[in-house]
1. Examine the range 103-126 for a residue that is at pLDDT below 90, assigned to a helix (DSSP H, G or I) and over 23 Å from the mean Cα position of the chain (by Cα), and state whether such a residue exists.
2. Out of the residues in the range 146-162 meeting the condition of being assigned to a helix (DSSP H, G or I) and in contact (Cβ under 8 Å) with a residue 60 or more places away in the chain, tell me which one is surrounded by the fewest Cβ atoms within 10 Å (Cβ to Cβ).
3. Within the range 54-67, take every residue that is free of Cβ contacts under 8 Å to residues at least 24 places away in the same chain and touching a helix residue (DSSP H, G or I) at 6+ places or on another chain (Cβ under 8 Å) and give me the one that is surrounded by the fewest Cβ atoms within 10 Å (Cβ to Cβ).
4. Mind counting the residues in the range 206-219 that are under 24 Å from residue 38 (Cα atoms) and over 13 Å from the mean Cα position of the chain (by Cα)?
5. Please indicate, with yes or no, whether at least one residue in the range 33-53 is surrounded by fewer than 13 Cβ atoms within 10 Å (Cβ to Cβ), more than 16 Å from the chain's Cα centre (by Cα) and in contact (Cβ under 8 Å) with a residue 24 or more places away in the chain.
6. State all residues of the range 69-93 that are part of a helix (DSSP H, G or I) and either in contact with a strand residue (DSSP E or B) (Cβ under 8 Å, 6 or more places away or on another chain) or under 21 Å from residue 152 (Cα atoms) (or both); if no residue qualifies, say none.
7. For the range 279-314: of the residues being out of contact with any helix residue (DSSP H, G or I) (no Cβ under 6 Å at 6 or more places or on another chain), in contact (Cβ under 8 Å) with a residue 60 or more places away in the chain and not in a loop (DSSP other than H, G, I, E, B), which is farthest from residue 110 (Cα to Cα)?
8. From the list 168, 186, 192, 143, pick out the single residue that is assigned to a loop (DSSP other than H, G, I, E, B), surrounded by 21 or more Cβ atoms within 10 Å (Cβ to Cβ) and out of contact with any strand residue (DSSP E or B) (no Cβ under 7 Å at 6 or more places or on another chain).
């Protein structure tokens, strides 16, 4: 059973990109309150010492429920764009590599294909996400900052410039998101493969509910793996974007290095890790679940690697 490559055309990639935009936008927007609390804990552990739920109560008591939606516009817009390029890009690169290598080579190198495809897709996505993430973090940590996306970007460009403001966090974002996305797609692909193997059926032969259960289950595993791998960079990223975190004339790289030394590696790896595992595990499961549902809704079936030897018996 060899792959019918003709169905992976422009229309397939656009469906993949839209599905990716929708799944990332919905999951990140839904978790916006968690993100607001997580960012506050990372930036100001003295004021918010009581973990996620405590911070949640504190913010609501002091500033009202609306404060939990700080940065919602930037979050929804940023992650729609990021999901568009990330999921769309992973499908695009994965299929191009698999097609040029041929079925057998693609199957043998599937983990490498996942890693390279997701790194390339994430790099492109981050060029679009970075400015929106910069204004989101600034709006959470600075009460005087405009709340709208366009007004936020305008203010930041006028005060800090394009590179110094909107793209100041590009290094740390790549440093956090690229390993995170590589882990996310490679682990999800591997986990799903193991689950299908143990069920004895291919994705095409399985029922819709089995496919959905496998999307969600493999998503949780992938999310936790990705959260652990990218956590130190996530903590540093929140610190670097904090108002007044960088010294005059200091580059992002040296600021990161200095902050990492001050805080210590063990703390970077563990501060806020549990809420982040819960958050990213839920988020990733939601993303793969929604992505597969929207793809099915569009009538597109996702590309899966398959073992050419396994199909010779059928």
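The values are calculated or read from the model by the stated rules, or taken from the named source; none is laboratory data. Everything quoted here is computed from the prediction, not taken from an experiment. For neighbour counting, all protein chains shown are included, and Cβ atoms are generated from backbone atoms with ideal geometry for every residue, glycine included.
1. Yes - at least one qualifying residue is present in the range 103-126.
2. 149
3. Among them, the one singled out is 60.
4. So the count comes out to 1.
5. Yes, the range 33-53 has at least one match.
6. Within the range 69-93, 69, 72, 73, 74, 75, 76, 77, 78, 79, 80, 81, 82 meet the criteria.
7. 282
8. Sole residue among the options that is assigned to a loop (DSSP other than H, G, I, E, B), surrounded by 21 or more Cβ atoms within 10 Å (Cβ to Cβ) and out of contact with any strand residue (DSSP E or B) (no Cβ under 7 Å at 6 or more places or on another chain): 168.
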